[in-house]
4 protein chains.
Amino acid sequence: MTIRVGVLGAQGRVGQAICAAVEAAADLELVAGLDKGDALDAFVTAGAEVVVDFTHPDVVMDNLKFLVGKGIHAVVGTTGFDEARLDQVRGWLEAAPKVGVLIAPNFAIGAVLSMRFAEQAARFFESVEVIELHHPNKADAPSGTAYRTAGLIAEARAKAGVGRSPDATSTELDGARGADVDGVRVHSVRLTGLVAHQEVLLGTQGETLTIRHDSIDRSSFAPGVLLGVREIAGRHGLTVGLDPLLDL
Amino acid sequence: MTIRVGVLGAQGRVGQAICAAVEAAADLELVAGLDKGDALDAFVTAGAEVVVDFTHPDVVMDNLKFLVGKGIHAVVGTTGFDEARLDQVRGWLEAAPKVGVLIAPNFAIGAVLSMRFAEQAARFFESVEVIELHHPNKADAPSGTAYRTAGLIAEARAKAGVGRSPDATSTELDGARGADVDGVRVHSVRLTGLVAHQEVLLGTQGETLTIRHDSIDRSSFAPGVLLGVREIAGRHGLTVGLDPLLDL
Amino acid sequence: MTIRVGVLGAQGRVGQAICAAVEAAADLELVAGLDKGDALDAFVTAGAEVVVDFTHPDVVMDNLKFLVGKGIHAVVGTTGFDEARLDQVRGWLEAAPKVGVLIAPNFAIGAVLSMRFAEQAARFFESVEVIELHHPNKADAPSGTAYRTAGLIAEARAKAGVGRSPDATSTELDGARGADVDGVRVHSVRLTGLVAHQEVLLGTQGETLTIRHDSIDRSSFAPGVLLGVREIAGRHGLTVGLDPLLDL
Amino acid sequence: MTIRVGVLGAQGRVGQAICAAVEAAADLELVAGLDKGDALDAFVTAGAEVVVDFTHPDVVMDNLKFLVGKGIHAVVGTTGFDEARLDQVRGWLEAAPKVGVLIAPNFAIGAVLSMRFAEQAARFFESVEVIELHHPNKADAPSGTAYRTAGLIAEARAKAGVGRSPDATSTELDGARGADVDGVRVHSVRLTGLVAHQEVLLGTQGETLTIRHDSIDRSSFAPGVLLGVREIAGRHGLTVGLDPLLDL
């Protein structure tokens with residue numbers, strides 16, 4: 001039996017890619033694609049079981065209130081969720097105990113897995129550093145993902161009582177050893193011809209482990225969204241981030 | 001408080017490296033190093049709490065029987081354990097419920113982690129292939145590790161109902177697409193200047209995840225052995241493989 | 001002073017990218033873009049100094065005859081040139097000694113350089129192997145580029161009297177060691193999420209050199225075409241392949 | 001016919017490796033290995049045609065004066081040569097026009113080739129950055145090799161009129177974007193389990209070229225020294241650096 005899927009923000013760049021991915025999946029059926037100005041009731045009429053929301057922080061809360069109220073599960077990639085907003089969603093879900101909502105800042109499964117693996121491996125290696133590589137139009141260095149990855153690594157090491165990576169550098173040309181994020185060195189490469197890439201390097205006596213993620217296309221969120229669509233009906237309440245669905 | 005450690009096979013190449021690593025660790029104390037012909041009683045006299053055994057299949061069972069009988073924990077890298085031998089050890093341990101024995105075929109933490117991560121990630125990607133790269137004196141292709149890794153990947157995908165990696169190849173020069181291990185393609189590179197390396201490549205729409213392990217020195221077993229020494233007192237009974245200690 | 005550039009096949013996918021690249025370059029001016037059915041005289045009227053031809057084997061010879069006759073330089077990415085066709089072009093150029101024509105099968109500078117470097121380095125290393133990695137819709141394995149690269153490597157080693165790469169493999173699962181192209185092992189990976197990538201691995205005692213080319217976008221021919229446009233006026237006669245312009 | 005080779009500094013760590021490599025080579029014969037205190041005349045008696053010198057700046061000039069005077073070619077890895085010393089050697093060689101001397105700061109062929117290729121490729125790419133990765137006991141960052149590589153790249157780009165690599169970074173955590181060496185960004189990774197590695201990343205529209213050198217063993221100078229021994233008899237006068245012998 002197929003899952004009946006609705007998409008909010010269906011005409012947007014991301015929304016179009018999700019509609020296409022849903023239509024291409026044998027076990028999913030696209031029953032409604034709505035945009036700004038369309039009445040949400042169309043999801044009820046169409047019998048949508050799960051709705052994917054890639055819209056805007058200004059409207060996503062109204063969307064969620066409606067969907068939860070109608071007993072429709074939601075998979076949300078829209079940004080702008082702080083603790084207050086998450087609590088609000090939890091409140092609505094208490095009144096609808098059979099509904100599941102997934103809110104995730106990153107649906108690229110490879111990115112989520114590589115952060116998780118880095119976090120798990122961090123305490124077993126004497127040394128760890130992060131290199132992130134992006135196109136040269138990026139404004140921030142390091143990338144948000146590298147910053148979060150380094151933070152997770154630092155936390156895992158602190159919890160396990162592992163000290164800083166050894167480093168005998170006594171003569172350094174300013175910046176050579178990268179940025180220090182919670183004691184973890186992070187290097188940012190900017191290069192024409194690249195898109196979004198990250199390497200976590202972990203090393204101990206005689207061996208190194210490298211976890212590399214390459215994203216060359218924004219369509220890389222699609223498999224993660226579909227995973228969310230397939231799993232959310234079985235997860236009542238609020239799920240934050242893709243990790244819990246990966247069952248690691 | 002330090003852990004009192006004994007080493008069996010202390011003069012062997014591996015044993016020497018382990019003795020050195022134990023002595024270098026602040027929380028461990030090397031209290032006895034024995035070899036072929038030495039009386040095992042010396043471990044009791046020295047008050048060893050954990051004994052590391054890198055000896056020979058011919059003597060390891062006698063060693064274990066002695067150690068378990070004396071209430072000494074053991075960390076074993078000696079090869080040649082089949083189910084019958086493992087059952088025998090379990091039998092001895094039933095009579096010594098406070099003793100822990102760890103028997104592992106591979107103590108390189110990076111190798112163990114990369115296999116585990118590959119297994120965990122395998123079902124989330126449309127495609128997966130394995131490249132292993134070794135020095136040119138290696139007799140078998142693919143390596144045992146690559147063979148096992150591909151097997152774990154295939155099993156994880158089968159369990160999750162994920163099909164074979166897509167492949168439109170219609171014209172192939174014999175061997176170009178590698179070996180087929182349970183439906184997973186494995187490529188073996190042999191190159192002077194390399195030691196032992198492995199890459200698991202996982203890909204889905206728009207993104208790839210690469211898990212690479214490089215081992216350039218046989219000393220890479222040392223951190224895994226020390227981890228075993230530190231944890232085994234807390235794990236009564238038989239533990240097979242390093243994985244359970246990694247707590248993933 | 002800017003160079004006045006015309007484009008033949010201007011509405012094609014490649015032609016459009018070239019028009020955009022010419023317009024974006026400060027030292028180049030797009031003066032005419034023609035397609036099937038348009039009269040070539042428009043290039044003369046527009047005062048084109050160099051014309052880029054990405055059309056079809058059926059029409060490219062007529063185009064070149066016209067351009068050379070009118071004293072216009074040409075940069076040609078159209079396929080289908082055999083020795084007979086090249087000789088024909090050389091004949092036309094004898095009568096027009098100030099005209100330059102560049103015909104190249106591959107304008108991706110990175111691909112051309114990586115082949116060249118592999119060829120140059122091949123004789124200094126005991127071992128060399130090639131890994132090419134592509135999207136799973138590719139029909140042939142190995143790729144044409146990998147096949148040519150291996151051939152160039154084999155030739156360079158034969159010329160220098162270097163023997164085959166050492167290989168002690170005695171037990172091989174069928175295909176593990178890749179395809180044999182003139183004595184050079186080539187491995188073909190097919191993975192969703194990849195586009196077109198190649199690695200040449202060279203190894204000798206204690207060190208390895210890796211030359212990797214990643215192409216993630218068909219626009220990668222553009223910088224090579226612009227290089228040709230800028231250089232061809234200074235190179236009278238026929239130039240085959242991008243290599244001579246790279247001045248290595 | 002074999003070449004008769006002498007080694008100066010034969011008991012040193014490097015000298016021993018060279019003696020072993022000479023003995024293992026079918027076309028070379030080790031005829032004398034001398035050390036501090038031994039009379040150099042032994043090389044004459046033994047009929048050495050080429051002498052390899054890995055000694056000390058304090059004695060290398062006396063060694064060279066003797067060898068050139070006796071008509072023996074020399075391959076020198078000893079450090080400490082400035083322009084004054086090189087001029088002195090050139091002076092001695094004028095009086096011995098059939099003798100060849102090779103003085104090189106780096107005999108690792110892979111390192112020399114990767115620097116050369118980076119220099120050659122630098123002007124064809126919009127962007128270029130360098131990542132060097134070493135064991136954590138290294139005192140300087142970036143490494144001397146990375147520093148020289150970046151300098152060669154900068155020079156090649158300046159000569160070709162290529163501007164700085166594009167970089168839109170407006171928010172940077174201190175150090176994230178690496179060190180600036182003549183306008184080229186250099187990143188230094190320090191990791192247990194690594195030895196000496198370097199990556200030059202070059203990128204243009206839609207494609208990247210990566211030149212990576214991995215050195216895991218100090219024996220990596222041996223193939224370069226043997227190349228020098230084989231070629232120096234054919235190169236009268238002074239040759240500085242391995243590059244000219246590579247014939248690129």
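Return yes or no: is A:GLY237 within 11 Å of chain B (Cβ to nearest Cβ), farther than 26 Å from D:GLN205 by Cα and either aromatic (Phe, Trp, Tyr) or surrounded by fewer than 20 Cβ atoms within 10 Å (Cβ to Cβ) (or both)? Show your work before the answer.
Numbers: within 11 Å of chain B (Cβ to nearest Cβ): no; farther than 26 Å from D:GLN205 by Cα: yes; either aromatic (Phe, Trp, Tyr) or surrounded by fewer than 20 Cβ atoms within 10 Å (Cβ to Cβ) (or both): yes.
Judged against the criteria, A:GLY237 is not a match.
Kindly indicate whether A:ARG218 is basic (Lys, Arg), over 23 Å from B:SER114 (Cβ atoms), crowded, with 20+ Cβ neighbours inside 10 Å and in contact with a Lys or Arg (Cβ under 8 Å, 6 or more places away or on another chain).
No.
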Q: Residues being out of contact with any Ser or Thr (no Cβ under 8 Å at 6 or more places or on another chain) and within 7 Å of another protein chain (Cβ to nearest Cβ): count how many of those fall in the stretch B:156-171.
A: 4
Q. All but one of (1) under 25 Å from D:ILE3 (Cα atoms); (2) of a type in the set (A, V, I, L, M, F, W, C); (3) surrounded by fewer than 20 Cβ atoms within 10 Å (Cβ to Cβ); (4) touching a strand residue (DSSP E or B) at 6+ places or on another chain (Cβ under 6 Å) hold for D:LEU173; which doesn't?
A. (1)
Q. In the stretch A:181-220, how many are more than 9 Å from chain B (Cβ to nearest Cβ) and out of contact with any Asp or Glu (no Cβ under 9 Å at 6 or more places or on another chain)?
A. 2
**Q.** D:ARG4 charged (D, E, K, R), within 20 Å of the chain's Cα centre (by Cα) and surrounded by fewer than 23 Cβ atoms within 10 Å (Cβ to Cβ)
**A.** no
Q. Which numbered condition trips up D:ALA74, out of (1) among the small types (Gly, Ala, Ser); (2) buried (at least 21 other Cβ atoms within 10 Å of the Cβ); (3) assigned to a helix (DSSP H, G or I)?
A. (3)
Q | Residues of the stretch A:1-60 satisfying the condition of being assigned to a strand (DSSP E or B), over 21 Å from A:SER220 (Cβ atoms) and in contact (Cβ under 8 Å) with a residue 60 or more places away in the chain | A | A:ILE3, A:GLY6
Q: For the stretch B:136-158, indicate whether the set of residues that are more than 22 Å from the chain's Cα centre (by Cα), surrounded by fewer than 18 Cβ atoms within 10 Å (Cβ to Cβ) and farther than 30 Å from D:THR192 by Cβ is non-empty.
A: yes
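Here are some residues: B:GLY144, B:GLY161. Which one is at positive phi and out of contact with any strand residue (DSSP E or B) (no Cβ under 9 Å at 6 or more places or on another chain)?
Details: B:GLY144 fails: at positive phi.
The unique qualifying residue is B:GLY161.
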(Q) Please go through (1) within 13 Å of chain A (Cβ to nearest Cβ); (2) more than 22 Å from B:GLY193 (Cβ to Cβ); (3) surrounded by fewer than 18 Cβ atoms within 10 Å (Cβ to Cβ); (4) in contact (Cβ under 8 Å) with a residue 60 or more places away in the chain for D:LYS98 and return the number of the only condition it doesn't satisfy. (A) (1)
Q: Could you please find all residues in the stretch B:28-37 being more than 15 Å from B:GLY224 (Cα to Cα) and either at pLDDT 95 or above or buried (at least 18 other Cβ atoms within 10 Å of the Cβ) (or both)?
A: B:GLU29, B:LEU30, B:VAL31, B:ALA32, B:GLY33, B:LEU34
Q | Test result for B:PHE81, surrounded by 15 or more Cβ atoms within 10 Å (Cβ to Cβ) and either among the basic types (Lys, Arg) or more than 30 Å from C:THR192 (Cα to Cα) (or both) | A | yes
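The values are calculated or read from the model by the stated rules, or taken from the named source; none is laboratory data. Keep in mind that what you see is a predicted model, and the values were worked out from it rather than measured. In this analysis, Cβ positions are derived from the backbone assuming ideal geometry, glycine residues included, and neighbour counts consider all displayed protein chains.
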